Amino acid sequence: MSGRFLSIGECMVELSQAGEGLLRKGFAGDTFNTAWYARACLPSAWSVDYFTALGDDPMSDEMVAFMGKAGIGTDLIHRIKGKTPGLYMINLRDGERSFSYWRDSSAARSLAADPDRLREAVESADVVYFSGITLAILSHDDADTLLAEIRRAKAVGKFVVFDPNIRPRLWSSYDVMHTTISEGGRASSLVMPSFDDEVAHFGDASIDATIERYLALGASHVVVKNGAEGATLSFANEKAYVPAEKVKMVVDTTSAGDSFNGAFLAHYLENRDAPAAARFAAKIAAHVVSEHGALVPKEKLGL
Ligand code: ADP
């Protein structure tokens with residue numbers, strides 16, 4: 001099999017504590033993390049591309065070089081004069097992690113501002129991946145533009161995948177968040193939510209309730225991730241439960257869900273067997289939670 005996997009969203013500069021007041025620079029962001037794991041798990045006949053907007057500063061150049069080195073296509077990335085990428089810092093206090101963000105005026109917020117460029121990118125892809133964070137960082141009009149393109153992609157038979165990744169702080173109101181996330185689900189072929197987010201923000205009483213809500217909106221398939229409790233699938237109306245792998249020591253759960261999504265999709269696109277894809281994804285995610293950082297190198301994924 002071959003094709004083009006296109007992930008749409010924001011990748012940020014990441015600063016993490018490196019001891020003695022030093023900071024280590026990295027690059028990460030939910031949709032980029034998923035592209036990273038899809039790239040690691042897909043055969044080379046597939047291309048994996050990232051669609052975003054960046055600036056014309058040296059940090060944007062470095063990010064593009066980093067993506068290229070990981071084998072992720074960057075040709076579709078729009079570079080905006082005078083803009084810069086978003087940035088976040090991982091704070092550590094008494095062993096607890098918290099995050100500070102500087103992303104209000106990041107270039108990625110304009111990723112859907114040029115509808116022709118967006119259409120060209122989506123049309124070039126076989127699989128389109130986006131998230132609730134992708135929608136949350138856009139203006140109301142640009143989110144509409146992206147959703148229209150996504151609907152069009154699904155209507156012509158592309159496989160459209162959405163992770164709601166609900167982050168209330170990024171939304172102007174709960175109403176806008178609920179409506180737009182639901183539109184994202186409606187526009188997609190497959191929705192891959194995390195159960196704890198859906199309970200907290202949609203009040204779902206059970207995993208089945210989450211599945212039913214996204215199916216009722218119009219998604220064909222739903223995969224609900226539930227941390228160490230495993231994942232529940234509804235694929236073409238067939239339900240399956242896949243347990244998580246046992247992990248000796250959980251080191252860092254950053255990007256557990258993103259890696260699960262990337263690995264699931266890579267396996268599914270090659271084999272069209274959803275439960276087998278979920279078992280494979282659980283293995284990859286188990287490696288990811290056993291290591292530090294959002295982007296675990298391929299050599300450490302047991303591939
Ligand atoms: P998110 O990061 O989106 O909240 P989850 O926490 O649901 O996603 O985790 C995604 C997947 O990662 C799970 O379905 C599971 O396979 C794996 N995973 C997460 N936490 C653990 C854990 N403590 N032990 C083993 N696997 C885990």
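FYI, it's all coordinate maths here, none of it is from the lab. The model shown is predicted, which means the values in this text are computed figures rather than measured ones. When we count neighbours, we look across all protein chains shown, and the Cβ atoms used for this are built from the backbone with ideal geometry, even at glycine.
Taking a ≥ b ≥ c as the square roots of the eigenvalues of the Cα gyration tensor of the chain, is the shape rounded (a/c under 1.5), prolate (a/b larger than b/c) or oblate?
Values: a/c = 1.29, a/b = 1.09, b/c = 1.18.
Rounded.
Under 18 Å from the Cα of LYS283, which aspartates and glutamates turn up, not counting those fewer than eight places away in the same chain?
Straight-distance partners of LYS283: GLU229, GLU245, ASP252, ASP258, GLU270, ASP273, GLU291, GLU299.
About the Cα centre of region 172-224, what is the dipole size in debye to 20, counting +1 per Lys and Arg Cβ and -1 per Asp and Glu Cβ, all else neutral? The partial results should precede the final answer.
On the way: 2 positive and 8 negative charges, 38 e Å.
Approximately 180 debye in magnitude.
Given Cα pairs under 8 Å that are at least 6 residues apart, what percent is the relative contact order of the chain?
Once normalised by length, the contact order is 16 percent.
Region 258-290: which trypsin sites (Lys or Arg not before Pro) are DSSP loop and have at most 14 other beta-carbon atoms within 10 angstrom?
Filter output for region 258-290: ARG272.
If you place +1 on the Cβ of every Lys and Arg and -1 on the Cβ of every Asp and Glu, how big does the dipole about the Cα centre of the chain come out, in debye to the nearest 20?
480
Taking the chain as a Gaussian network, Cα atoms linked when under 10 Å apart, which of ASN261, ASN237, ASN165 shows the biggest mean-square fluctuation?
Of the options given, ASN237 has the highest mean-square fluctuation.
Calculate the dipole size of region 197-261 relative to its Cα centre from +1 charges on Lys and Arg beta carbons and -1 charges on Asp and Glu beta carbons; express the result in debye to the nearest 20.
Taking the Cα centre of region 197-261 as origin, the dipole is about 160 debye.
Quick check on the chain: of the DSSP beta bridges with both residues there, what percent are antiparallel, nearest 5%?
45
Counting helices only, and only those DSSP H runs with n ≥ 4, report the 222 nm mean residue ellipticity of the chain as the sum of -39,500 (n - 2.57) divided by its residues, in deg cm²/dmol to the nearest 500.
-12000 deg cm²/dmol
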